[in-house]
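Undergrad: Would you mind keeping the following structure in view while I ask a few things?
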Amino acid sequence: MACGLDTYDFSSGSSGEAYDPSKALRLAPSQFIPDYARVQYGALLSLSIDFRDFNFHIKGVVLWIKVALWLVAGPRLQLPTQTLVRIVWKKKEVKKETGLGLSAKKDDNFGEWYSEVVVSGELIEYYDISGCYILRPWTMSIWEIMQAFFDAEIKQMKIKNCYFPLFVSPGVLQKEKDHIEGFAPEATHSSRRTKESSYHNATVAWVTKSGQSDLEVPIAIRPTSETVMYPYYSKWIRGHRDLPLKLNQWCNVVRWEFSNPTPFIRWRKLPCDCRSREFLWQEGHTAFATKEEADKEVLEILELYSRIYEEYLAVPVIKGKKSEHEKFAGGLYTTSVEAFIPNTGRGIQGATSHCLGQNFAKMFEINFENDKGEKAMVWQNSWAYSTRTIGVMVMVHGDDKGLVLPPKVAAIQVIVIPVPYKDADTKGIYDACDATVETLTKAGVRAEADFRDNYSPGWKYSHWEMKGVPLRIEIGPKDLANEQVRAVRRDNSAKSDLSMASLVEHVKEMLTSIQQSLFDVAKQKRDACIQVVKTWDEFVEALSHKKMILAPWCDEEEVEKDVKARTKGEIGAAKTLCSPFEQPALDEGTLCFASGKPAKKWTYWGRSY
């Protein structure tokens, strides 16, 4: 049996267990100080003290002051009965308060919770330039897994990767501004949208100096690449044999547009702004001879984005078409995948696939000679998804213990932790952990072991729960003797003992189950937030309850603007999210919920990021 310092208790513990003097030992300071000597920056241990019916936590400096006082009092000081330190004996693990927990709760303060979890879960680290963040390996591994999937799929579609420069000349930005509302290179723009997220009100970042000298002509840093790429499409496309031209680039873009940016996903004027000024994305730009080819690709790409969210991130999305007011500025139409965050009652645009039509071809003179010898303009598409995907995943699946990663995108799918007790066969346990990792790795499972000897098993449990590893395997003396392991799921904390002989089969089944369960739970929560309304009063009521609203609409831009104006408030106005491709039946005579005019379609409405 192992002895674990679980709670420092003066009477009845915070766990609700009655105080039992028979389980209590008097400890000298020298006996427990080593436990706190391992406190590190960002992982302070906490001391929980109960005075009968009052509980408080001493952390950080206060903890060390208390320890210092005990040291002064003498190394073998015997504490009074009221200050007995209770020792909880446990057979399988030693649990300590690790200080790794989040201070904010997801349901109580979503913004603070999100800000904590992306840092404590080691997704990002703050940088010394506002709005810029370090994407740590835990983030990059998720991004690379999605990238590997998407890149392979678009290559099957004969789309080729390229890379265009980061810098943009002011001339092409001005050209775009002159032709399309919504691309002004300064701060005040139209409310139109671009690409994977809204680009309105964006402030382009400019390079104005070289050393101490002013540049004769300032250079913009790309906020998106239409203006960078399309002048060269005009150069490269001459005849119908040059089409289709299908290019994609993996790159970063900069949008200096937020007053309080936070990682991954923009949320203006709210404490949990979630996209940085610089972020990673892919952007595809394609040109075709016919509209039919362009239309076909728009939906093919959108389906890939849907698969990223649903198959990899286990986030349910709705595929649909944006309104004229919300579409990409200058485009013919925009399609999107829309997610929803139940905790905040906000929709979030996950990714977009646009048919640009021929507007950009006209602007940049992208013409070709068709097979009849006639001059024609190309039809263009553009499409993108970004690191916003990771923020959506965190918001949907994360809990009060930290991240919850779907197995398909987890850098480590299984963490193996040795649990050696006193007088146990430590070498045998460690060897079994090594063998387990090797067996799982050979079977294609991303597995690692945590052999750090300066942390207890309980600390490791909390650490890997915070990082969201889908499955934890524990191996202790009894497991070794019984040729089994203890498996603990991150998504629901379910525990099960697995035979080492059939470990691979069981682990793969559990990972598949976790992936599906995360999607099912997220979809159930999302669907519970969808409300169908048919009148304005029902709409306002549903909006006040943070619902994703499906309503009949007349599809008029002025009505959409009016809804936005009438619902404007401190937490944002309602707007259209998308009109789903899968349309419910629209009975004859159905009226628009907002205008009373004949309805033309069903559309999702709500507040959004």
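The values are calculated or read from the model by the stated rules, or taken from the named source; none is laboratory data. Everything numeric in this text was worked out from a predicted model, so none of it was measured. Note that each Cβ is placed from the backbone with ideal geometry, even for glycine, and that neighbours are counted across all protein chains shown. Note: accessible area is taken over every heavy atom of the protein model, side chains too, but ligands, DNA and RNA are not part of it. Shrake-Rupley method; radii C 1.70, N 1.55, O 1.52, S 1.80 Å.
Undergrad: Give all pairs with beta carbons closer than 6 Å in which a residue from region 479-493 that is in the same structural domain as Lys460 (by the TED database) meets a residue that is open to solvent by less than 50 Å² (accessible area, probe 1.4 Å) and hydroxyl-bearing (Ser, Thr, Tyr); count only pairs at least 6 apart in sequence or on separate chains.
TA: The qualifying pairs are Ala487/Ser496; Asp491/Ser517.
Undergrad: Being acidic (Asp, Glu) and under 27 Å from the mean Cα position of the chain (by Cα) narrows it down to one of Glu438, Glu448, Glu374, so name that one. Reasoning before the result, please.
TA: On the way: Glu438 fails: under 27 Å from the mean Cα position of the chain (by Cα); Glu374 fails: under 27 Å from the mean Cα position of the chain (by Cα).
Every option except Glu448 fails the conditions.
Undergrad: May I ask you to list the residues in region 574-591 that are closer than 16 Å to Glu538 by Cα and surrounded by fewer than 22 Cβ atoms within 10 Å (Cβ to Cβ)?
TA: Those that are closer than 16 Å to Glu538 by Cα and surrounded by fewer than 22 Cβ atoms within 10 Å (Cβ to Cβ): Lys575, Thr590, Leu591.
Undergrad: With Lys106, Lys95 as the choices, which residue is at pLDDT below 90, surrounded by 15 or more Cβ atoms within 10 Å (Cβ to Cβ) and over 18 Å from Leu313 (Cα atoms)?
TA: On inspection, the qualifying residue turns out to be Lys95.
Undergrad: Sort through Ala594, Ala565 and tell me the only one that's of a type outside the set (Phe, Trp, Tyr) and either within 26 Å of Val298 (Cβ to Cβ) or assigned to a loop (DSSP other than H, G, I, E, B) (or both). Write out each step before concluding.
TA: Working: Ala565 fails: either within 26 Å of Val298 (Cβ to Cβ) or assigned to a loop (DSSP other than H, G, I, E, B) (or both).
Exactly one residue qualifies, and that residue is Ala594.
Undergrad: Restricting region 370-401 to residues that are in a strand (DSSP E or B) and open to solvent by less than 10 Å² (accessible area, probe 1.4 Å), which is farthest from Phe110 (Cα to Cα)? Don't jump to the end; show me each part of the working.
TA: So the first thing to find is which residues in region 370-401 are in a strand (DSSP E or B), and the list is 375-377, 379-386, 399.
With the extra rule that they be open to solvent by less than 10 Å² (accessible area, probe 1.4 Å), the set shrinks to 380-386.
On the way: Gln380: 40, Asn381: 36, Ser382: 33, Trp383: 30, Ala384: 27, Tyr385: 24, Ser386: 22 Å.
Looking at the filtered set, the residue picked out is Gln380.
Undergrad: Sticking with this one: Among the numbered criteria (1) over 22 Å from Val253 (Cβ atoms); (2) touching a Lys or Arg at 6+ places or on another chain (Cβ under 7 Å); (3) open to solvent by 20 Å² or more (accessible area, probe 1.4 Å), which single criterion is violated by Ser306?
TA: All conditions pass for Ser306, except number (3).
Undergrad: Quick check on this structure: which one of Asn359, Asn343 is over 18 Å from Trp113 (Cα atoms) and in the same structural domain as Ile159 (by the TED database)?
TA: Values: Asn343 fails: over 18 Å from Trp113 (Cα atoms).
Exactly one of Asn359, Asn343 is over 18 Å from Trp113 (Cα atoms) and in the same structural domain as Ile159 (by the TED database), namely Asn359.
Undergrad: Can you tell me which residue among Ile145, Ile129, Ile159 is open to solvent by less than 50 Å² (accessible area, probe 1.4 Å), among the hydrophobic types (A, V, I, L, M, F, W, C) and more than 25 Å from Pro407 (Cα to Cα)? Steps first, answer last, please.
TA: Working: Ile145 fails: more than 25 Å from Pro407 (Cα to Cα); Ile129 fails: open to solvent by less than 50 Å² (accessible area, probe 1.4 Å).
Going through Ile145, Ile129, Ile159 in turn, just one is open to solvent by less than 50 Å² (accessible area, probe 1.4 Å), among the hydrophobic types (A, V, I, L, M, F, W, C) and more than 25 Å from Pro407 (Cα to Cα): Ile159.
Undergrad: I'd like to verify a number: residues in region 351-365 that are at positive phi and open to solvent by 10 Å² or more (accessible area, probe 1.4 Å), how many?
TA: Residues flagged as at positive phi and open to solvent by 10 Å² or more (accessible area, probe 1.4 Å) within region 351-365 amount to 1.
Undergrad: Name the single residue that is nearest to the chain's Cα centre (by Cα) among those in region 309-334 being farther than 30 Å from Ile514 by Cα and of a type in the set (A, V, I, L, M). Steps first, answer last, please.
TA: Filtering region 309-334 for residues farther than 30 Å from Ile514 by Cα gives 321-334.
Of the ones still in play, those that are also of a type in the set (A, V, I, L, M) are 329, 332.
Working: Ala329: 26, Leu332: 30 Å.
Ranking the candidates gives Ala329 first.
Undergrad: Might you let me know whether region 433-453 holds any residue that is modelled with pLDDT under 95 and farther than 22 Å from Asp400 by Cα? Spell out how you get there, then give the answer.
TA: Residues of region 433-453 modelled with pLDDT under 95: 453.
From the residues that got through so far, the ones that are farther than 22 Å from Asp400 by Cα too are 453.
Within region 433-453, one or more residues are modelled with pLDDT under 95 and farther than 22 Å from Asp400 by Cα.
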